[in-house]
1. Could you name every one of the helices (runs of 4 or more DSSP H) located completely within the stretch 123-199 that has at least 1 residues being open to solvent by less than 10 Å² (accessible area, probe 1.4 Å)?
2. Got a number for residues in the stretch 48-69 being more than 16 Å from ligand 2 (Cβ to nearest atom) and either free of Cβ contacts under 8 Å to residues at least 12 places away in the same chain or surrounded by 12 or more Cβ atoms within 10 Å (Cβ to Cβ) (or both)?
3. Which strands (runs of 3 or more DSSP E) sit wholly inside the stretch 3-118 and have at least 1 residues that are modelled with pLDDT under 95 and within 15 Å of ligand 1 (Cβ to nearest atom)?
4. Name, by its number, the condition in (1) touching a strand residue (DSSP E or B) at 6+ places or on another chain (Cβ under 9 Å); (2) aliphatic (A, V, I, L, M); (3) more than 16 Å from ligand 2 (Cβ to nearest atom) that does not hold for I140.
5. Quick check, is F327 in contact with a Phe, Trp or Tyr (Cβ under 8 Å, 6 or more places away or on another chain), of a type outside the set (S, T, Y) and either open to solvent by 10 Å² or more (accessible area, probe 1.4 Å) or at pLDDT below 95 (or both)?
6. Considering only helices (runs of 4 or more DSSP H) fully contained in the stretch 294-388, which possess at least 1 residues that are in contact (Cβ under 8 Å) with a residue 60 or more places away in the chain and polar (S, T, N, Q)?
7. Considering the stretch 216-274 alone, what residues qualify as being under 18 Å from T132 (Cβ atoms), open to solvent by less than 10 Å² (accessible area, probe 1.4 Å) and either part of a loop (DSSP other than H, G, I, E, B) or more than 13 Å from ligand 2 (Cβ to nearest atom) (or both)?
Amino acid sequence: MTIVQSAVYEPLTEQKATALAVRLGLFRDGAPLACREIGDGNLNLVFHIVDQETKQGVIIKQALPYAKVVGESWPLTLKRAVIESNALRTFASYVPQYVPKVYYSDESLAITVMEDLSRLQIARKGLIEGKTYPLLSRHIGEFIAKTAFYTSDFGMNQQEKKKLAQSFVNPELCKITEDLVFTDPFFDHDTNNFEDELRPDVEALWEDDRLRLEAAKLKRKFLTEADVLLHGDLHTGSIFASDDETKVIDPEFAFYGPIGFDLGQFFANLLLNALSRPEAERQPLFVHIDSTWKVFTSIFAELWQTESVETYAATPGLLDEVLRQAFIDAVGFAGCEVIRRTIGLAHVADLDGIEQKAERLAAKRHALRLGRRLIVERAELAGTDGFRRLFIETER
Ligand SMILES: Nc1ncnc2c1ncn2[C@@H]1O[C@H](COP(=O)(O)OP(=O)(O)O)[C@@H](O)[C@H]1O
Ligand SMILES: CSC[C@H]1O[C@H](OP(=O)(O)O)[C@H](O)[C@@H]1O
């Protein structure tokens, strides 16, 4: 993988990002360039540089030595930029159609230079506007199935897999998820952030021993199961989409973890969008959940049956067991993500953007009830219809 060591780290400015793009020969000589920092995520700088005549652009993403959303008081490794560019390249070797092209990366500057996807829209924004993206779930189901299978002990040489897993050891970013997704929302922790009116609902969660035990079991899985290479943060803000294209960005949280995790994050963010919509407009989100699972299982099963490198793959019952457990885990992970996006540090615009306070609080209470039942009853869902059922049962 091309990681070029060339400079001493400094945060880029728009001028410096432009000069770097010119130095790297990304544009024709003398091109009139415009650059804007467009990062709207929690962690990094993102520079969009465009040739104003041809309208061709590139993206330079740079990690900061701290978490942007909190500031310098939360130091964070620059190595996440290497993880991100390596994950994009690894995913591209299996599903090039679903990730941006990486043109260049530089470990010292903590940058990834990549394809400009501005022709597409961040899926969270489009879903909030009411778009449905007919191919979103087909594409994400295929993305997860292929990246999971080909990076697992069933899809690649098992010794090579261990080396690949080593190159994706990502302790600092995993700790963010261990804390923010699996721990802090279930305790009275100072990273939590919720409206005063929700305090009784939140305190009820903190007193719920059954919920805490199940959240602990899910955290243990996340900590200990090095099954497949995960994106690690597959929410709808990490997906660019249009009616016919889908691209997954931002895999700086990539690591070897439990196969159900990316599925669970994606399901949860579809549910969070459904929670923000009037009842009559929710159906497309549930259709996406059904279709993601269908596409994932059919592609994963096909690869397992035709390309597996493991002797035991043909053992009757093993594939069914792997898929059964992946589904149960995905439901539980989805529950944790729904709860943390409602009362934890990093919220989502789907819920926070509901203008009427009473409606917003009602949607958040619904989210807490739904998240809790997804976690506690994850083994009883018996298929993606269970998401609809629990959604309706937790409405009031
Ligand atoms: N390849 C890209 N093409 C166009 N815009 C991009 C690209 N990558 C990121 N962006 C823009 O930058 C924003 C933040 O990027 P993201 O990778 O999610 O950053 P962070 O790691 O800080 O969350 C995205 O929401 C999107 O608007
Ligand atoms: C302090 S990081 C909080 C939160 O931000 C990350 O998301 P993104 O980089 O896409 O904005 C991730 O979900 C973390 O849990």
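The values are calculated or read from the model by the stated rules, or taken from the named source; none is laboratory data. All figures in this text were calculated on a predicted structure; none of them were measured in a lab. Here Cβ is always computed from backbone atoms with ideal geometry, including for glycine, and neighbour counts include all displayed protein chains. Quick note on the areas: whole protein, heavy atoms, side chains included, nothing else; ligands and nucleic acids left out. Shrake-Rupley method; radii C 1.70, N 1.55, O 1.52, S 1.80 Å.
1. Values: elements: 123-128, 136-150, 158-167, 171-180.
Helices (runs of 4 or more DSSP H) meeting the threshold: 123-128, 136-150, 171-180.
2. First, pick out the residues of the stretch 48-69 that are more than 16 Å from ligand 2 (Cβ to nearest atom): 48-58, 60.
From what's left, either free of Cβ contacts under 8 Å to residues at least 12 places away in the same chain or surrounded by 12 or more Cβ atoms within 10 Å (Cβ to Cβ) (or both): 48-51, 55-58, 60.
Residues flagged as more than 16 Å from ligand 2 (Cβ to nearest atom) and either free of Cβ contacts under 8 Å to residues at least 12 places away in the same chain or surrounded by 12 or more Cβ atoms within 10 Å (Cβ to Cβ) (or both) within the stretch 48-69 amount to 9.
3. Numbers: elements: 33-37, 44-51, 57-63, 71-75, 102-106, 111-115.
Qualifying strands (runs of 3 or more DSSP E): 71-75.
4. (3)
5. Working: in contact with a Phe, Trp or Tyr (Cβ under 8 Å, 6 or more places away or on another chain): yes; of a type outside the set (S, T, Y): yes; either open to solvent by 10 Å² or more (accessible area, probe 1.4 Å) or at pLDDT below 95 (or both): yes.
So F327 passes the test.
6. Values: elements: 318-343, 349-352, 357-376.
Here the list reads 318-343.
7. Within the stretch 216-274, A241, T246, F267, L270, L271, N273, A274 meet the criteria.
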